[in-house]
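Worksheet: one structure, shown below.
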Amino acid sequence: MSRHLHILLLLVIGGALSACGSGGGASATSTPGSGPTPASSSAASPAPTVASAAISINVPHAGASVRVPFEISGAANVFEAVLFVQVTGADGRALCERRVQATSGTGTPGTWASVMAFPPPAAAAPVTIRAFSRSPRDGSEENAVTRSVQVSAETPAIVIAEPRCNADIAQGAALAVNGTARVFEATLMVELRDATGTVVRTALVTADAGAPDRGRWNTTLDLATVVAGAYDLVAYSISARDGTPENIFAIPVRITV
């Protein structure tokens with residue numbers, strides 16, 4: 001064999017061995033199942049979208065003990081941001097109901113808050129808070145949520161005993177208001193306010209006893225020129241420290257034709 005042929009044979013054999021080694025090495029070091037991850041598995045699956053409740057009650061907490069008057073607040077995303085908040089007794093009778101305006105609605109979540117006042121029970125008793133909206137189609141209740149709490153028998157400084165929350169009063173009639181109070185110098189104010197908060201009737205009232213005793217009080221508001229509509233009947237005392245209203249007790253009433 002010539003020297004040139006010998007070199008040629010060595011080059012051919014070496015190339016074959018190199019090609020065999022590079023292919024075999026990749027196979028020998030691969031791990032079953034460790035191939036490339038399919039593109040469809042490389043991205044995390046999107047989390048399912050969970051729709052928020054149209055109405056929620058955040059305060060008071062379920063099972064809490066509350067003292068009238070007490071605040072109820074929550075969130076809502078309802079038509080025109082209008083909802084209704086109601087407190088019912090164990091017998092299902094409504095103790096008070098308010099129309100509430102949330103900060104936003106109709107597709108934009110908002111927050112809401114209201115204060116409920118009614119004469120406290122003689123002994124601590126369970127009540128149910130209900131919040132709901134009304135259908136723009138037929139006015140039926142929808143999106144209702146409930147929460148059970150306990151109402152204390154503790155009596156607030158001022159109570160409006162009559163009329164009751166949500167009472168209907170005939171337009172032009174005299175509105176008789178009475179209740180009890182335990183306030184400084186036995187003096188309190190009673191006001192009728194319209195939906196904008198404007199005071200349309202007011203009376204300075206003196207109870208038959210002052211703090212620390214509880215006295216009874218009564219007054220009459222002339223409704224001769226008060227138009228029909230929704231109003232708040234509010235009783236409060238004036239702070240001896242800074243002259244600001246305190247011990248506020250307010251209930252919604254309706255003046256009807």
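Miscellaneous remarks
To keep it simple, each residue is scored yes or no on (1) among the charged types (D, E, K, R); (2) within 15 Å of A235 (Cβ to Cβ); (3) surrounded by fewer than 13 Cβ atoms within 10 Å (Cβ to Cβ); (4) without any contact (Cβ under 8 Å) to a residue 24 or more places away in the chain.
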site: G105; (1), (2), (3), (4): no, no, no, no
site: P121; (1), (2), (3), (4): no, no, no, no
site: T128; (1), (2), (3), (4): no, no, no, no
site: R134; (1), (2), (3), (4): yes, no, no, no
site: D138; (1), (2), (3), (4): yes, no, yes, yes
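- Long-range neighbours under 9 Å by Cβ, at least six apart or interchain, first residue outside the structural domain of E97 (by TED's automatic domain parsing) within region 238-257, second among the aromatic types (F, W, Y) and surrounded by fewer than 19 Cβ atoms within 10 Å (Cβ to Cβ): I238/F184; S239/F184; A240/F184
- Counted residues, region 142-184 - those being of a type in the set (D, E, K, R) and modelled with pLDDT under 95: 0
- Filter pass, C165 being under 30 Å from T225 (Cα atoms) and either hydroxyl-bearing (S, T, Y) or in a strand (DSSP E or B) (or both): no
- Residue count for region 124-139 under the criterion of being farther than 18 Å from Q101 by Cα and either modelled with pLDDT under 95 or out of contact with any Gly (no Cβ under 9 Å at 6 or more places or on another chain) (or both): the result is 3.
- Count - residues of region 101-134 that are more than 21 Å from A167 (Cα to Cα) and in a loop (DSSP other than H, G, I, E, B): 11
- Looking across A153, A176, one residue alone is more than 13 Å from the chain's Cα centre (by Cα) and in a loop (DSSP other than H, G, I, E, B). It is A153.
- Applying the criterion of at least 1 residues that are within 13 Å of I158 (Cβ to Cβ) and either modelled with pLDDT under 95 or over 34 Å from the mean Cα position of the chain (by Cα) (or both) to the strands (runs of 3 or more DSSP E) found wholly in region 185-250 leaves 187-193, 199-206, 215-222.
- Exclusive hit being of a type in the set (S, T, Y), surrounded by fewer than 16 Cβ atoms within 10 Å (Cβ to Cβ) and touching a helix residue (DSSP H, G or I) at 6+ places or on another chain (Cβ under 6 Å), set T206, T198: T206
- Residue check for A173: outside the structural domain of G243 (by TED's automatic domain parsing) and either surrounded by 13 or more Cβ atoms within 10 Å (Cβ to Cβ) or at negative phi (or both): no
- Check on T103, among the hydroxyl-bearing types (S, T, Y), touching a strand residue (DSSP E or B) at 6+ places or on another chain (Cβ under 7 Å) and closer than 17 Å to S65 by Cα: no
- Residue count, region 82-101 (criterion: more than 23 Å from V253 (Cβ to Cβ) and surrounded by 19 or more Cβ atoms within 10 Å (Cβ to Cβ)): 0
The values are calculated or read from the model by the stated rules, or taken from the named source; none is laboratory data. On a predicted model such as this, the values are computed, not experimentally measured, just so you know. Using ideal geometry, Cβ is built from the backbone for each residue, glycine included, and neighbour counts are taken over all protein chains shown.
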